[in-house]
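Report on the following structure.
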């Protein structure tokens, strides 16, 4: 998981997914995933193990600018122990490898962004069903 940079306009310092971001109008989902994986974690998709889609979530909520409707396309992967994420764009304060129990505790304590909390909870549910 990543901790958002303290100077982010939205949810500074909160926990987030390892990578995430907005898709440009001319990008495919795969191109966006590759770009965001590099920008936020300095990783290439081919370096990740067991990369697989997890579906999507629709998130709707009021924000300062009005009302946001976001469709998050979800993927899960295994980061080999030999790799360490390194932020490239200044949007990440740091990274941590946490256990499922630590994740559950952080989610319950509100230490993650709303979007990340929904995504992590979904991923935990998928893993438990396997």
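The table below lists the values:
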{"item": "Sorted largest first, extent of segment 49-101 alpha carbons per principal axis (Å)", "result": "43, 27, 25"}
{"item": "R0 of 25 Å, Cβ-Cβ distance residue 64-residue 111: FRET efficiency to nearest 0.05", "result": "0.70"}
{"item": "Paramagnetic reach from residue 84 in segment 3-40 [backbone N under 17 Å; point 7 Å along Cα→Cβ]", "result": "3"}
{"item": "Binned Cα-Cα distances of the chain, short to long, each 5 Å bin given as a whole percent", "result": "2, 9, 19, 23, 25, 15, 5, 1, 0"}
{"item": "Whole-Å distance, taken between Cα centres, linking segment 91-123 and segment 31-84", "result": "14 Å"}
{"item": "Calculated [θ] (222 nm, deg cm²/dmol) that DSSP helices of n ≥ 4 give over the chain, each run adding -39,500 (n - 2.57)", "result": "-9000 deg cm²/dmol"}
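Every read-out reported here was derived from the displayed coordinates using simple, explicitly stated rules and does not represent laboratory data. Because the structure is a prediction, the values reported are computed rather than measured. Note: ideal-geometry Cβ built from the backbone for every residue, glycine included; neighbour counts use all protein chains shown.
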